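Chemist: Could you have a look at this structure, given as structure tokens, before my questions?
No lab work stands behind these numbers, since they all come straight from the coordinates. None of the values given here were measured: they were computed from a predicted structure. Positions of Cβ are backbone-derived with ideal geometry, glycine not excepted, and every protein chain shown enters the neighbour counts.
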């Protein structure tokens, strides 16, 4: 979300104060147990953020789910499934169950998570408590991952992990609609882990960690880096490949994406040594129509770009690719000091055993 123009600031000031007051009251009701939290019969790890827009939450969900699989644990991902065609429907999906038109049925992010972690169970529902209970009846000793769960206070979680974009510090931000914060910055104190997603070209890369420590002295802070590991032709990606070493990297690209933080996508492509000769970005979770892709193709041809580069989140929604060389940017996540995070996960599971 962009900064509110100065001319519009007075118009959103009062609504912003009302929204902030409502969020504070709601959090207070949960803090004093006047609003109850409901438990699932298995550990729950929430991954969320404090802000609107992309911070790298979905890749972190994939990373944690893969960590659990490697530990011999069955992950069960609970997600609301934004952007799906039937938002009131519920889907309980065991590993390997085919899903026709997964992005339409589940939403773009859940479909992408399921592609990367096919071993996981998944509950896609507006009522993630009921979805979790149904999975718990069918799976022995699962570990639930609550996707985008930091503000979903109704469901009790053993851990709250908050991911923060190092390039978008929280301290200078404000509550929606005056800024991008979903709740007051003081609410960061209720989380257990903070994952700072970088790197960034800031002069002092440790300033965000220092600010978080000032806000929440007991938080465990780890750093992660999410970057593009490679580009894959769309046809190869759709076939299930995640790596194609035979494909030459384009010298220039036109970017097209419907993501929460297009600026980071643009920066990641530049860091690969690819020149960006134009772009067209859509709102997060948007489904580009045929006319949208036609406009992208025309702009890419006008700019003489070698390829149109999209994210996996966009690729998962494409049934008929545009008539242009289309390459998918495959993202990877590296967590620094991952051993400490893995050890803490093991300790959490032992405590709940």
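Chemist: Run the helix sum for the chain: -39,500 (n - 2.57) per DSSP H stretch of 4+ residues, divided by residue count, reported at 222 nm to the nearest 500 deg cm²/dmol.
Modeler: Result for the chain, helices only: -10000 deg cm²/dmol.
Chemist: Among the DSSP beta bridges whose two residues both lie in region 67-201, what percent are antiparallel, rounded to the nearest 5?
Modeler: Bridges in region 67-201 are about 15 percent antiparallel.
Chemist: If you average the C-alpha positions of region 205-220 and of region 260-282 separately, how far apart do those two centres end up, in angstrom?
Modeler: 29
Chemist: Same structure again: Would you mind computing, in nm to one decimal, how far apart the modelled labels at residue 334 and residue 37 are, each placed 7 Å from Cα along Cα→Cβ?
Modeler: In this crude spin-label approximation the distance works out to 3.4 nm.
Chemist: From Cα coordinates alone, what are the radius of gyration and Dmax values for region 114-264 in angstrom?
Modeler: 19.1, 52
Chemist: Could I ask something else about it? Write down, largest first, the equivalent ellipsoid semi-axes of the chain in whole Å, where each equals the square root of 5 times an eigenvalue of the alpha-carbon gyration tensor.
Modeler: Value: 32, 26, 20 Å, ordered largest first.
Chemist: Springs between alpha-carbon atoms under 10 Å, Gaussian network over the chain: tell me which of 324, 30, 63 tops the mean-square fluctuations.
Modeler: Fluctuation is largest for 30.
Chemist: Also, I was wondering about something else. Based on C-alpha coordinates, I'd like the Rg and Dmax of region 1-142, in Å.
Modeler: Considering region 1-142 through its Cα atoms, Rg and Dmax are 18.1, 57 Å.
Chemist: Considering only region 228-331, what is the antiparallel percent among its DSSP beta bridges, to the nearest 5?
Modeler: In region 228-331, approximately 30 percent of DSSP beta bridges are antiparallel ones.
Chemist: Under a GNM of the chain (C-alpha, springs under 10 Å), which listed residue has the highest mean-square fluctuation: 341, 155, 241?
Modeler: The residue that fluctuates most here is 241.
Chemist: Just to check, using Stokes-Einstein with a Kirkwood Rh over alpha carbon pairs, what's the diffusion coefficient of region 292-353 at 37 °C and 0.692 mPa s in µm²/s?
Modeler: 217
Chemist: Right, next: Per q in 0.22, 0.23 Å⁻¹, report the Debye log10 I(q)/I(0) for region 228-331, using one uniform scatterer on each alpha carbon and no solvent.
Modeler: Log-scaled intensity ratios, in q order: -1.25, -1.39.
Chemist: Among DSSP bridges having both ends in the chain, what percentage is antiparallel? Round to the nearest 5.
Modeler: Close to 25 percent.
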